Amino acid sequence: MIFRSQLLIMIIYLIFSSILQLYSQESIFDILPGDNCPAIEVYGEPKLFVGDDLFDLINGGAELYHEYGFVEVLTASIVIPGADPLKTEIFDMGSPEAAWGIFGMTASSNALALSIGDTARQGESFLQFIKGSYMVYLYYDHVEETELVYTAECIAANIKTSSGMPEFMQVLNTREEKPENIIYFRGNLGLSGIYNFHYKDVFGYARGAAAIYPELKVILLDYDDFESCIDHYNAARDFFMENTKYHVQRSQLGLFHMADKKAQQIYCYFENTFLLIFIYSGEKEVNEIRMEIVDKMESY
């Protein structure tokens, strides 16, 4: 009888815990400016785009967001007294890795880095930042920079979770010379944004990251286990060794090399559960970088 009472208490506790957890989850609508942002108002009715609805908002490029695991995006018009309305887009990307990934993939030249959220930048007519699993855009025509930053910081404050650059991306930060960009990606669209090997998903990796330098690209492709990695490595090697897009193809144990039509050298190394790819022109010594990344991945 005592056991049944204890079991009933445990079941009731679990039910109430689940309900409390459900109601404590962050709603994307709660991220919009509210009482914490005096003098800022949301004008009109915000609009939510979920899943495939994203294609109605983005004319081209929605596939890349879905490849990262896009969940939903909320659009709204924010009004600051004496300034033009700000068009706001709040993307729930599903995970911090995806938020960092899409932020890196949508990088624009001449953007100014800002300290808002986890990382931010301001370009011509836009401010963009990420925090936790969210990426936020603010589009503007005429607004004072202090008011723009204030609005962005108000929105960022409503996002409760935060995340620094994922460790998997930091593995590639090995050189004294800092990369121009480090990008997390998934799927063939993401990889093609770094280097267009082929329109097919030749490598079949689980997740990837790339460090972009002025004259070098370092690509890390991670797999779930050794068997998956070796199978995809062998398939990719055989595919590229017979592909007419590339020349000077050669392979040896754990490595294949080729050159593309722009005379870029491409070296792909098999490293147990991941592949390392180096792309560059001319002559370059990459073995030291390779060994540092291997050491970091072994302790990752």
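The values are calculated or read from the model by the stated rules, or taken from the named source; none is laboratory data. What you see is a predicted model, and the numbers here were worked out from it, not measured in a lab. Cβ sites come from the backbone with ideal geometry, for glycine too, and all protein chains shown count toward neighbours.
So, of the residues in region 53-105 that are among the aromatic types (Phe, Trp, Tyr), part of a helix (DSSP H, G or I) and in contact with a strand residue (DSSP E or B) (Cβ under 6 Å, 6 or more places away or on another chain), which turns out to be farthest from residue 122 (Cα to Cα)? So that I can check it myself, show each step before the final result.
Narrowing region 53-105 to residues among the aromatic types (Phe, Trp, Tyr): 55, 65, 68, 70, 91, 100, 103.
If we keep only those that are part of a helix (DSSP H, G or I) as well, we get 55, 65, 68, 100, 103.
From the residues that got through so far, the ones that are in contact with a strand residue (DSSP E or B) (Cβ under 6 Å, 6 or more places away or on another chain) too are 100, 103.
Details: 100: 16, 103: 12 Å.
Only one residue fits best here, namely 100.
Residue 279 - would you say it is surrounded by 14 or more Cβ atoms within 10 Å (Cβ to Cβ) and not in a strand (DSSP E or B)? Lay out the reasoning, then the answer.
Values: surrounded by 14 or more Cβ atoms within 10 Å (Cβ to Cβ): yes; not in a strand (DSSP E or B): no.
So residue 279 does not fit the description; no.
Of the residues making up region 117-128, those that are farther than 15 Å from residue 101 by Cβ and buried (at least 21 other Cβ atoms within 10 Å of the Cβ) are 117, 120, 127. Of everything listed in (1) in the same structural domain as residue 293 (by TED's automatic domain parsing); (2) surrounded by fewer than 14 Cβ atoms within 10 Å (Cβ to Cβ); (3) at negative phi, the single unmet condition for residue 248 is (3).
Could you check how many residues of region 125-137 are part of a loop (DSSP other than H, G, I, E, B) and closer than 19 Å to residue 58 by Cα?
Start the filter on region 125-137 by keeping residues that are part of a loop (DSSP other than H, G, I, E, B), which leaves 125, 132-133.
So of that shortlist, the ones also closer than 19 Å to residue 58 by Cα come out as 125.
Counting residues in region 125-137 that are part of a loop (DSSP other than H, G, I, E, B) and closer than 19 Å to residue 58 by Cα gives 1.
For region 212-241, name all the residues that are closer than 20 Å to residue 272 by Cβ, aliphatic (A, V, I, L, M) and part of a strand (DSSP E or B). Steps first, please.
In the first step, residues of region 212-241 are kept if they are closer than 20 Å to residue 272 by Cβ; the result is 218-238.
Subsequent filtering for residues that are aliphatic (A, V, I, L, M) retains 218-221, 230, 235-236.
Those that are closer than 20 Å to residue 272 by Cβ, aliphatic (A, V, I, L, M) and part of a strand (DSSP E or B): 218, 219, 220, 221.
In the set (1) charged (D, E, K, R); (2) touching a Lys or Arg at 6+ places or on another chain (Cβ under 9 Å); (3) closer than 19 Å to residue 77 by Cβ, residue 141 fails one condition alone, (2).
Checked against (1) surrounded by fewer than 20 Cβ atoms within 10 Å (Cβ to Cβ); (2) over 18 Å from the mean Cα position of the chain (by Cα); (3) in contact (Cβ under 8 Å) with a residue 12 or more places away in the chain, residue 151 passes all but a single condition, namely (1). State which residue pairs qualify: first residue closer than 23 Å to residue 204 by Cβ and in the same structural domain as residue 245 (by TED's automatic domain parsing) and inside region 256-274, second residue of a type in the set (Lys, Arg) and outside any strand (DSSP E or B) in any location, beta carbons under 6 Å apart, and separation of 6 or more residues or different chains. Short answer, once both residue conditions are applied: 256/237. The set of residues from region 195-210 being in contact (Cβ under 8 Å) with a residue 12 or more places away in the chain, surrounded by fewer than 21 Cβ atoms within 10 Å (Cβ to Cβ) and within 19 Å of residue 266 (Cα to Cα) comprises 195, 198, 200, 201, 202, 204.
Does residue 150 satisfy the condition of being at pLDDT 95 or above, under 18 Å from residue 78 (Cβ atoms) and assigned by TED's automatic domain parsing to the domain that holds residue 40? Considered against the rule, which asks whether it is at pLDDT 95 or above, under 18 Å from residue 78 (Cβ atoms) and assigned by TED's automatic domain parsing to the domain that holds residue 40, residue 150 comes out as no.
Among the residues of region 154-174, those identified as farther than 25 Å from residue 300 by Cβ and surrounded by 17 or more Cβ atoms within 10 Å (Cβ to Cβ) are 154, 155, 156, 158, 159.
Restricting attention to region 146-169, the residues being in contact with a strand residue (DSSP E or B) (Cβ under 8 Å, 6 or more places away or on another chain) and in a helix (DSSP H, G or I) number 8. Taking the condition without any contact (Cβ under 8 Å) to a residue 60 or more places away in the chain, within 30 Å of residue 188 (Cβ to Cβ) and surrounded by fewer than 16 Cβ atoms within 10 Å (Cβ to Cβ), does residue 53 pass? Considered against the rule, which asks whether it is without any contact (Cβ under 8 Å) to a residue 60 or more places away in the chain, within 30 Å of residue 188 (Cβ to Cβ) and surrounded by fewer than 16 Cβ atoms within 10 Å (Cβ to Cβ), residue 53 comes out as yes. All conditions in (1) closer than 23 Å to residue 68 by Cα; (2) in contact with an Asp or Glu (Cβ under 8 Å, 6 or more places away or on another chain); (3) surrounded by fewer than 19 Cβ atoms within 10 Å (Cβ to Cβ) hold for residue 224, with the sole exception of (2).
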